[in-house]
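Remarks on the structure that follows.
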Number of protein chains: 2
Amino acid sequence: MPRWDPEAKERLRAAALELFAERGYDNATVAQITERAGLTRRTFSRYFADKRDVLFAGSEQLPDAMADAVRRADPALPPFQALLAALVDAGDLFAGLVSHAAQRRAIIASSPELQERERTKLAAVTEAVVEALRERGANESSAKMLAQVGITVFHTAFERWAEHPEGADFAARVREAAAELAAHLTP
Amino acid sequence: MPRWDPEAKERLRAAALELFAERGYDNATVAQITERAGLTRRTFSRYFADKRDVLFAGSEQLPDAMADAVRRADPALPPFQALLAALVDAGDLFAGLVSHAAQRRAIIASSPELQERERTKLAAVTEAVVEALRERGANESSAKMLAQVGITVFHTAFERWAEHPEGADFAARVREAAAELAAHLTP
């Protein structure tokens, strides 16, 4: 087993998601995950802190990644358009997750603890995006509203993309969700 | 002291918010709250389960109240317009809270535990609204997006109303926030 094995992480993730689905998140153990993946506990610890981390690994980078994408967007764009561009940009970060998205969502929906963790994650992303939108000139109240709506559009687009990965790409899903929302908002 | 005293609840709430602001939420005790309000622990227990409940009392009724308001809205209205009408309707429930809104928000912002409780509360409201929007014919993905955006509009309108209660009324704030959002969404 090489010390750094990009496939090991993926095997552990797949094994964990299978076990969570079969036995329930609370009943699955790290020992079962490593056994199913045919890997050691030491290898598991190289990639994940604990079983919950399998579902949230990398999410601590999300707030900065999303805020930086907002900062990098064309300075000529008004705030929400800059945010949409950033969401599309950031979508590349998630391309690797799309194959597990439906499984992951079902597991999170099964556990209040995981739902709370997911909300905390989204709140941190929202807060970082608010800051970036304020730097682009939005006042605090508008920045908060737009950041929350942007995250909602992102989430909607991601779920639709994950459900039909053979259909439109993520960028098109973001534009489609934003356009759908705009149509609903206009009486 | 009469057995049912509508002012007692209000005095306890005011005393609690003062103490949370002065000493920090974690350091304030129910004993201090009742002492400041000049009331007994028994009276406190008539209105609130514990000190956290002072900030969230009544919130268990919110999901049903909001969903029912969506169901009652004019059947001719398309989903998001029905939701806006419901938000305005439900705003009356919150009129009594507006005087404490800024204080309450600052206290919640000071504590990760309270922020998490607030997010759980909003998630429960969102879920109930999704159900009501689905009954009005929205598909699940759209209903989720619209419910989240509606709650965001509600929150934005409520904060603006609370910040300048002498200004526009809540209904006008909801329409203003929705119109502002629509303008941002249209490139």
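Within the range A:71-85, restricting attention to residues that are buried (at least 17 other Cβ atoms within 10 Å of the Cβ) and in contact (Cβ under 8 Å) with a residue 12 or more places away in the chain, which residue is farthest from B:Leu185 (Cα to Cα)?
Our first condition is that a residue be buried (at least 17 other Cβ atoms within 10 Å of the Cβ); within the range A:71-85, this holds for A:73, A:79-85.
Then keep just the ones that are in contact (Cβ under 8 Å) with a residue 12 or more places away in the chain; that gives A:73, A:79-80, A:82-85.
Details: A:Ala73: 16, A:Pro79: 10, A:Phe80: 7, A:Ala82: 11, A:Leu83: 10, A:Leu84: 10, A:Ala85: 13 Å.
Per the stated criteria, the residue is A:Ala73.
Please go through the range A:139-150 and give me each residue that is more than 9 Å from every other protein chain (Cβ to nearest Cβ), open to solvent by 10 Å² or more (accessible area, probe 1.4 Å) and of a type outside the set (S, T, N, Q), ordered by number.
The one that is more than 9 Å from every other protein chain (Cβ to nearest Cβ), open to solvent by 10 Å² or more (accessible area, probe 1.4 Å) and of a type outside the set (S, T, N, Q): A:Glu140.
Which of the residues belonging to the range A:7-44 are farther than 23 Å from A:Ser111 by Cα and surrounded by fewer than 14 Cβ atoms within 10 Å (Cβ to Cβ)?
A:Glu7, A:Gly38, A:Thr40, A:Arg41, A:Arg42
Determine if the range B:4-17 includes at least one residue that is touching a residue at least 60 places away in the same chain (Cβ under 8 Å) and among the basic types (Lys, Arg).
There is at least one residue in the range B:4-17 that is touching a residue at least 60 places away in the same chain (Cβ under 8 Å) and among the basic types (Lys, Arg).
Among B:Ala182, B:Ala177, which is the only one that is facing chain A (nearest Cβ under 8 Å), closer than 23 Å to A:Leu84 by Cβ and open to solvent by 10 Å² or more (accessible area, probe 1.4 Å)?
Values: B:Ala177 fails: open to solvent by 10 Å² or more (accessible area, probe 1.4 Å).
Answer to the check: B:Ala182.
Filtering the range A:122-138 down to residues that are within 11 Å of chain B (Cβ to nearest Cβ) and touching a residue at least 60 places away in the same chain (Cβ under 8 Å), which residue is farthest from B:Lys144 (Cα to Cα)?
Filtering the range A:122-138 for residues that are within 11 Å of chain B (Cβ to nearest Cβ) and touching a residue at least 60 places away in the same chain (Cβ under 8 Å), the one farthest from B:Lys144 (Cα to Cα) comes out as A:Leu133.
Consider B:Ala183 carefully, then state whether it is assigned to a helix (DSSP H, G or I) and touching a residue at least 24 places away in the same chain (Cβ under 8 Å). Working first, answer last.
On the way: assigned to a helix (DSSP H, G or I): yes; touching a residue at least 24 places away in the same chain (Cβ under 8 Å): no.
Considered against the rule, which asks whether it is assigned to a helix (DSSP H, G or I) and touching a residue at least 24 places away in the same chain (Cβ under 8 Å), B:Ala183 comes out as no.
Looking at A:Ala49, A:Ala15, can you tell me which residue is among the small types (Gly, Ala, Ser) and assigned to a loop (DSSP other than H, G, I, E, B)? Talk me through it step by step, then tell me what you get.
Working: A:Ala15 fails: assigned to a loop (DSSP other than H, G, I, E, B).
Step by step, each of A:Ala49, A:Ala15 is checked, and only A:Ala49 is among the small types (Gly, Ala, Ser) and assigned to a loop (DSSP other than H, G, I, E, B).
Hey, among the residues in the range A:96-116 that are surrounded by fewer than 18 Cβ atoms within 10 Å (Cβ to Cβ) and among the charged types (D, E, K, R), which one's nearest to the chain's Cα centre (by Cα)?
Ranking the candidates gives A:Arg105 first.
Restricting the range B:151-164 to residues that are touching a helix residue (DSSP H, G or I) at 6+ places or on another chain (Cβ under 7 Å) and more than 10 Å from chain A (Cβ to nearest Cβ), which is modelled with the lowest pLDDT?
It comes out as B:Ala162.
The values are calculated or read from the model by the stated rules, or taken from the named source; none is laboratory data. Quick caveat, the model's predicted, so the values are computed rather than measured. Here the Cβ is made from the backbone with ideal geometry for all residues, glycine too, and neighbour counts use every protein chain on show. The area values use the complete protein model at the heavy-atom level, side chains included, leaving out ligands, DNA and RNA. Shrake-Rupley method; radii C 1.70, N 1.55, O 1.52, S 1.80 Å.
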